[in-house]
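Visitor: I'd like to ask you about the structure that follows.
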Amino acid sequence: MAAKSFKYVIVGGGVSAGYAAREFSKQGLNPGELAIISKEAVAPYERPALSKAYLFPEGAARLPGFHVCVGSGGEKLLPAWYAEKGIELILSTEIVKVDLASKTLTSAVGETFKYHILIIATGSSVIRLTDFGVKGADAKNIFYLREIDDADKLVEVIKAKKNGKAVIVGGGYIGLELGAVMKINNFDVTMVYPEPWCMPRLFTSGIAAFYEGYYANKGIKIVKGTVAVGFGSDANGEVKEVHLKDGRVLEADIVVVGVGGRPLTTLFKGQVEEEKGGIKTDSFFKTSVPEVYAVGDVATFPLKLYNEMRRVEHVDHARKSAEQAVKAIKASEEGKSVDEYDYLPYFYSRSFDLSWQFYGDNVGDTVIFGDNNPASPKPKFGSYWIKDGKVVGVFLEGGNPEENKAIAKVAKLQPPVENLDELTKEGLNFACKI
């Protein structure tokens, strides 16, 4: 089979791929120059929808409604858009071998693709309980959520097990969003996680106490400080029980596991420099190999604001790093330069009627301000992180667009703070006056 050749190839068909394609189109692209190779069967879409509106019982999001770039207020890129621009979407195609030296990619069915410039946008894979040999973890109706196929299977079983019992394993992003969405679907929900509070990588115990209280008020049971060590199933192989390390046994019709992800870098091992679990890049997402770039979850890049190398798993960075890489590629072709990537870490989530945003770095001392009573009809509260006398991070639940812009500005400017009690009293006003 003759190799297909392209000037630019993006391997991976997630959020980064879609935003990179749009940037290539903006910068100027000839038909036939760009290919996106994706193991998914659909054009790039906004992945966060899968753990939110895709699973709603009413008014659920469906493709083509959330193709990129609608998540950032941009144009929706349907498959026809790629065809119009002469961008080849090579879908349902898994790359199993990469040879950076000969600039060759090989698919699972033996097709070969050649490129001049490669963008690695392979993203992450979910960590599975079967990876650790958890007994019974291969039972039916134990779900992980990463791709649209996963969400489709979960939707079917939500319908089949109507008003049943759901156990959510994990207390991070996916755990909290899925706990909420399963409750909205009228399931009896129990969340299980080993940490002393939810979202421990970001939340303080004070922030977490609000969400755990809010979820409890919605009727969600939370079991902390233990893990799932096994699953029991019925004669059909469908999960029926979750066995916990502390000896408890939970009934379950559906189990959803959200215990983190791993960057998909295996194909490139030994061929490119790595750091902190990702592929090492510069501020333009160039790797140690000429004409090879890495973006999104897989890239470990210089976070200018904090003068350190970081790897960031978030849709905002997936979008922005892809755009930066394409700008850098085009600039180098034209002998021009682009500004270094200057990223402000940003995370957000929505569940039930709640919506929070976080900007900056969650290090140092913290203060909490506002109404963080889970029983309030309209709770609104936040937190500041203070390090070396400066505000370095801000969290806000229930903020409006102007307030969210204000907290982002504070995290970027890092204003000095002398008195933490005063800061607590001032609360959101401190951010709004900067």
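Visitor: What's the ranking of 362-375, 166-179 by average number of surrounding C-beta atoms within 10 Å, highest first? Numbers along the way, then the final one.
Guide: Numbers: 362-375: 16.1, 166-179: 25.7.
Put in order of decreasing packing, that is 166-179, 362-375.
Visitor: I'd like the accessible area for S72, computed on protein heavy atoms only with a 1.4 Å probe and all protein chains in place. Round to 10 Å², please.
Guide: Answer for S72: close to 60 Å² accessible.
Visitor: If we count every other residue with Cβ under 15 angstrom of S16's Cβ, Lys/Arg +1 and Asp/Glu -1, where does the sum land?
Guide: Around S16, the charge tally is 0.
Visitor: With θ set to phi - 60° and the Karplus curve 6.51 cos²θ - 1.76 cosθ + 1.60, what are the ³J(HN,Hα) couplings of the range 20-36 in order, to the nearest whole Hz, using x for Gly and Pro?
Guide: Calculated HN-Hα couplings, in order: 5, 4, 5, 5, 4, 4, 4, 7, x, 9, 8, x, x, 7, 10, 10, 10 Hz.
Visitor: Same structure, new question: For the range 301-362, list log₁₀ I(q)/I(0) at each q in 0.21, 0.23 Å⁻¹, using the Debye formula over Cα point scatterers of equal strength and ignoring solvent, two decimals each.
Guide: -0.90, -1.00
Visitor: Rounded to the nearest 5, what is the percent of antiparallel bridges among the DSSP beta bridges in the chain?
Guide: If I count the DSSP bridges inside the chain, around 60 percent turn out antiparallel.
Visitor: Roll a 1.4 Å probe over the protein chains and send me the accessible area per residue for the chain in Å².
Guide: Per residue, the chain has 43 Å² of solvent-accessible surface.
Visitor: Could you let me know the centre-to-centre spacing of the range 341-397 and the range 63-95, using Cα atoms, in angstrom?
Guide: 33 Å
Visitor: Just by accessible area at a 1.4 angstrom probe, what is the order of E241, E212 from largest to smallest?
Guide: Ranking E241, E212 by accessible area, largest first, yields E241, E212.
Visitor: Going by amide H atoms built from the backbone, whose H comes under 5 Å of the H on I119, apart from near neighbours?
Guide: Under 5 Å from the amide H of I119 lie the amide H atoms of V9, I10, V11, Y293, each far enough along the sequence or on another chain.
Visitor: Oh, and also: Given all pairs of different Cα atoms, what value in angstroms does the Kirkwood hydrodynamic radius of the chain take?
Guide: Result for the chain, one decimal place: 23.1 Å.
Visitor: In whole percent, and with a 1.4 Å probe on the protein chains, what portion of the accessible area of the chain is carbon and sulfur?
Guide: 50 percent
Visitor: Once ligands and nucleic acids are excluded and a 1.4 Å probe is used, how much of V242 is accessible, expressed in Å² to the nearest 10?
Guide: Result for V242: roughly 0 Å² accessible.
Visitor: While we're on this one: Relative contact order, percent, of the chain when contacts are C-alpha pairs under 8 Å separated by at least 6 residues? Don't jump to the answer; show the numbers that get you there.
Guide: Numbers: 938 pairs, mean separation 58.9, N = 434.
Rounded, it is 14 percent for the chain.
Visitor: Further, regarding this structure: For R310, enumerate residues with amide H under 5 Å from its amide H, sequence gap 5+ or separate chain, H modeled in the peptide plane.
Guide: Hits under the 5 Å cutoff: F301, L303.
Visitor: Cross-link partners among aspartates and glutamates for K221, C-alpha distance below 14 Å, same-chain residues fewer than 8 apart left out?
Guide: Straight-line reach from K221, under 14 Å: D188, E212, E251.
Visitor: So in the range 316-434, what percent of DSSP beta bridges are antiparallel if you round to the nearest 5?
Guide: Antiparallel bridges: around 100 percent, rounded to the nearest 5.
Visitor: On to the next question. Please state the relative contact order of the range 42-148 as a whole percent: Cα pairs under 8 Å, 6+ residues apart?
Guide: Reported relative contact order: 19 percent.
Visitor: Then there's this: Between the range 1-26 and the range 156-191, what is the separation of their alpha carbon centroids in Å?
Guide: The range 1-26 and the range 156-191 have Cα centres separated by 36 Å.
Visitor: Okay, moving on. Using bins 10 angstrom wide from zero, how does P(r) for the range 1-158 break down, in % of all Cα pairs?
Guide: Pair shares across the bins are 10, 35, 32, 18, 5, 0.
Visitor: Can you tell me which lysines have their Cα less than 16 Å from the Cα of K153? Leave out same-chain residues fewer than eight positions away.
Guide: K52, K140, K161, K162
Visitor: Could you pull out which residues in the range 340-366 have an amide N less than 18 Å from a spot 7 Å beyond the Cα of F56, following the Cα-Cβ vector?
Guide: 349-356
Visitor: Got a sec to turn the phi values of the range 286-300 into Karplus ³J(HN,Hα) couplings, 6.51 cos²θ - 1.76 cosθ + 1.60 with θ = phi - 60°, whole Hz, x for Gly and Pro?
Guide: 7, 8, 6, 9, x, 6, 10, 10, 9, 9, x, 4, 7, 8, 9
Visitor: Sort C432, C198 by accessible area with a 1.4 Å probe, largest first.
Guide: Working: C432 70, C198 0 Å².
Result of the area sort, largest leading: C432, C198.
Visitor: Show me the GluC sites (Glu not before Pro) within the range 374-434 that DSSP assigns to loop and that have at most 14 other Cβ atoms within 10 Å of their Cβ.
Guide: Qualifying residues, ordered by number: E418.
Visitor: Also, quick follow-up: Using θ = phi - 60° and the Karplus relation 6.51 cos²θ - 1.76 cosθ + 1.60, list the HN-Hα couplings for the range 320-335 in order, rounded to whole Hz, with x at every Gly or Pro.
Guide: 6, 5, 5, 5, 4, 4, 5, 4, 5, 4, 5, 5, 5, 5, 9, x
Visitor: Between K4 and N163, take the C-beta separation as r, use R0 = 41 Å, and let me know the FRET efficiency to the nearest 0.05.
Guide: The formula returns an efficiency of 0.25 here.
Visitor: Kindly identify the range 336-434 as rounded, prolate or oblate by the Cα gyration tensor criterion: order the square roots of the eigenvalues as a ≥ b ≥ c, call it rounded if a/c is under 1.5, otherwise compare a/b with b/c, prolate if a/b is larger, else oblate.
Guide: Judged from the Cα gyration tensor, the range 336-434 comes out oblate (a/c at least 1.5, b/c at or above a/b).
Visitor: Among bridges DSSP assigns within the range 14-164, what percent are antiparallel (round to 5)?
Guide: Antiparallel bridges: around 75 percent, rounded to the nearest 5.
Visitor: So, one more: Probe radius 1.4 Å, ligands and nucleic acids left out: which of T226, T204 has the largest accessible area, and how do the rest follow?
Guide: Largest to smallest exposure gives the sequence T204, T226.
Visitor: For K425, list the aspartates and glutamates whose Cα falls under 14 Å from its own Cα; do not include residues on the same chain fewer than 8 positions away.
Guide: Leaving aside aspartates and glutamates fewer than 8 places away in the same chain, those within reach of K425 are D371.
Visitor: Same structure, new question: Select from the range 1-96 those GluC sites (Glu not before Pro) which occupy a DSSP coil region and have at most 13 other Cβ atoms within 10 Å, ordered by residue number.
Guide: Qualifying residues, ordered by number: E58, E75, E94.
The values are calculated or read from the model by the stated rules, or taken from the named source; none is laboratory data. This structure is a prediction, so every number in the text was calculated from the model and none was measured. Don't worry about glycine lacking a Cβ; one is built from the backbone with ideal geometry, like all the others, and counts go over all protein chains shown. Heads up: the accessible areas ignore ligands, DNA and RNA and are worked out on the full protein's heavy atoms, side chains in. Shrake-Rupley method; radii C 1.70, N 1.55, O 1.52, S 1.80 Å.
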